[in-house]
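Before any comments, here is the structure.
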Amino acid sequence: MALKTPAEVDAMRPAGKFIAGVLSSLRDVAREGMTLNDLNDHAHRMIDAAGAKSVYLGYHPSFGAMPYPGVLCTSVNDAALHGLPSDYVLQDGDVLSMDIAAQVQGWVADSALTIQIGTQTPEAQRLIETTERALAAGIAAARPGGRMGDISEAIGSIGRRGGYGINGDFGGHGVGRTMHEDPHVANLGRSRTGLKLNAGLVIAIEPWFMAGGDGYVIDPDGWTIRTADGSIAAHAEHTIAITRDGPVVLTARD
Ligand code: CO
């Protein structure tokens, strides 16, 4: 896998800053009565205005029944990952994950957050906060000299302690000029095992937890990943660079 030089990590900052701004804006505008397409269109306008390039639109891995039709993943309630934008109208209390990646000046950044629309319920708030705490712990464990398993265990142990369902599929990944590079960043694992972490490694870390069990199902569209038991799910993601001084969050929001 390719390690980035300090100059290359610096060159990735504009992409990270841009994606952070898009997610902040989406969080501010998302409300009851809006459709998922409205949110996708909002993100698409920001991408066009910035001269950025979506890396989702038209992306067609073998599992998708069709190329990805939007610039944003919108996963509501029991949908955990890769929910397609649609004319679904957001309802009070919906748990909404928004995930976006784009290329700016040749480099990609990838980030996601989960919010609840309108009325905040304790059940959803605890799930969202725990997912964010797991992301923060995973980032803190991303230090040169450590191992990939340090990140995975930090994430998984927080999810398990919260009593949440975790599935080892669909974790994080390397990020660079393209969205998905080696290595894989699992959400379950054992510390002091796996790949040695070196300065210059840029990865997306992305815990996703389910309020119920560990199982998931995939919609006929091949994209949307839902909890098998219909419980709600939450997802949080940042693109980070491991530097000699520790982790730097490229997609940090103000
Ligand atoms: Co990602």
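The values are calculated or read from the model by the stated rules, or taken from the named source; none is laboratory data. This structure is a prediction, so every number in the text was calculated from the model and none was measured. Note that each Cβ is placed from the backbone with ideal geometry, even for glycine, and that neighbours are counted across all protein chains shown. Only protein heavy atoms, including side chains, enter the accessible area calculation; ligands, DNA and RNA are left aside. Shrake-Rupley method; radii C 1.70, N 1.55, O 1.52, S 1.80 Å.
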For segment 171-194, which positions are among the polar types (S, T, N, Q) and surrounded by 16 or more Cβ atoms within 10 Å (Cβ to Cβ)? Asn187, Ser191
Among the listed residues Ser111, Ser157, Ser191, which satisfies the condition of being touching a residue at least 40 places away in the same chain (Cβ under 8 Å), of a type in the set (S, T, N, Q) and out of contact with any His (no Cβ under 8 Å at 6 or more places or on another chain)? Ser191
Quick test of your reading of the structure: Ile151 fulfils all but one of (1) over 25 Å from Asp245 (Cα atoms); (2) of a type outside the set (Ser, Thr, Tyr); (3) in a helix (DSSP H, G or I); (4) within 15 Å of the ligand (Cβ to nearest atom). Name the failing condition by number. (1)
Taking the residues in segment 24-33 that are touching a helix residue (DSSP H, G or I) at 6+ places or on another chain (Cβ under 9 Å) and either charged (D, E, K, R) or touching a residue at least 24 places away in the same chain (Cβ under 8 Å) (or both) as candidates, determine which candidate is farthest from Ile47 (Cα to Cα). Ala30
Would you mind stating whether Arg226 is more than 17 Å from Gly149 (Cβ to Cβ), surrounded by 17 or more Cβ atoms within 10 Å (Cβ to Cβ) and not aliphatic (A, V, I, L, M)? yes
Give the residues of segment 5-35 that are open to solvent by 10 Å² or more (accessible area, probe 1.4 Å) and either at positive phi or touching a Phe, Trp or Tyr at 6+ places or on another chain (Cβ under 9 Å) (or both), sorted by residue number. Glu8, Ala11, Arg13, Pro14, Gly33, Thr35
Hits in segment 82-110 - residues which are surrounded by 23 or more Cβ atoms within 10 Å (Cβ to Cβ), within 14 Å of the ligand (Cβ to nearest atom) and farther than 19 Å from Asp41 by Cβ: Val108, Ala109, Asp110
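So that you can scan it fast, the table gives a plain yes or no per residue for (1) more than 19 Å from the chain's Cα centre (by Cα); (2) modelled with pLDDT of 95 or more; (3) outside any loop (DSSP other than H, G, I, E, B):
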{"position": "Ala2", "(1), (2), (3)": "yes, no, no"}
{"position": "Ala7", "(1), (2), (3)": "yes, yes, yes"}
{"position": "Asp10", "(1), (2), (3)": "yes, yes, yes"}
{"position": "Val22", "(1), (2), (3)": "no, yes, yes"}
{"position": "Gly33", "(1), (2), (3)": "yes, yes, no"}
{"position": "Leu39", "(1), (2), (3)": "no, yes, yes"}
{"position": "Ala43", "(1), (2), (3)": "no, yes, yes"}
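So that you can scan it fast, the table gives a plain yes or no per residue for (1) in a loop (DSSP other than H, G, I, E, B); (2) modelled with pLDDT of 95 or more; (3) touching a Gly at 6+ places or on another chain (Cβ under 7 Å); (4) within 16 Å of the ligand (Cβ to nearest atom):
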position: Met179; (1), (2), (3), (4): yes, yes, no, yes
position: Arg190; (1), (2), (3), (4): yes, yes, yes, no
position: Ala199; (1), (2), (3), (4): yes, yes, no, no
position: Asp214; (1), (2), (3), (4): yes, yes, yes, no
position: Val217; (1), (2), (3), (4): no, yes, no, no
position: Pro220; (1), (2), (3), (4): yes, yes, no, no
position: Thr251; (1), (2), (3), (4): yes, yes, yes, yes
Only one of (1) farther than 28 Å from Asn77 by Cβ; (2) part of a loop (DSSP other than H, G, I, E, B); (3) within 14 Å of the ligand (Cβ to nearest atom) does not apply to Phe170, and that is (1)
